[in-house]
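Comments concern the structure below.
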Amino acid sequence: MKADAVRGHLDGLLLAVLEPGPLHGYAIITAVMNRSGGALELRTGTIYPALKRLERLGLLASRWESIGERRRRCYRLTDEGRRSLAGERADWRQFTAAIGAVLNPGSNA
């Protein structure tokens, strides 16, 4: 899948994979890839700036955790992040309905 396809939806993807609980960066990349059936493969250079931006906006919180012998920054949703995710989902439903209406005219999908 083209990287451009993710543009504009990255925040929602990151918030969604963090909804079940905290994850570190590589686990976030893996979760997106697994949940998309391998279609979405995010790069570290893409997600880390986005995670930092979402944290600055108050949608995520992070802390250093020791995982085995490694220290990793783990991210979790804040209450504001959960509200933002709900908005992202509503926007996505509207977007896909509008695109579906154009690509599949006459369909009730």
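The values are calculated or read from the model by the stated rules, or taken from the named source; none is laboratory data. All values derive from a computational prediction rather than experimental measurement. Every residue, glycine among them, receives a Cβ derived from its backbone with ideal geometry; neighbour counts consider all protein chains shown. The accessibility values were calculated without ligands, DNA or RNA, using every heavy atom of the protein model including side chains. Shrake-Rupley method; radii C 1.70, N 1.55, O 1.52, S 1.80 Å.
Below are the figures for this structure:
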| quantity | calculated |
| --- | --- |
| Matching residues in region 16-47 - criterion: being hydrophobic (A, V, I, L, M, F, W, C), free of Cβ contacts under 8 Å to residues at least 24 places away in the same chain and farther than 20 Å from ARG83 by Cβ | ALA27, ILE29, ALA31, VAL32, MET33 |
| Near pairs, Cβ below 6 angstrom, 6+ apart or cross-chain, from region 53-72 (under 14 Å from LEU18 (Cα atoms) and in a strand (DSSP E or B)) to any residue that is of a type in the set (Gly, Ala, Ser) and open to solvent by less than 70 Å² (accessible area, probe 1.4 Å) | LEU60/GLY81 |
| Scope region 57-87; condition modelled with pLDDT under 95 and open to solvent by less than 60 Å² (accessible area, probe 1.4 Å); matching residues | GLU65, ARG72 |
| Qualifying residue in region 85-93 (condition: among the aromatic types (Phe, Trp, Tyr), out of contact with any Pro (no Cβ under 9 Å at 6 or more places or on another chain) and free of Cβ contacts under 8 Å to residues at least 40 places away in the same chain) | no |
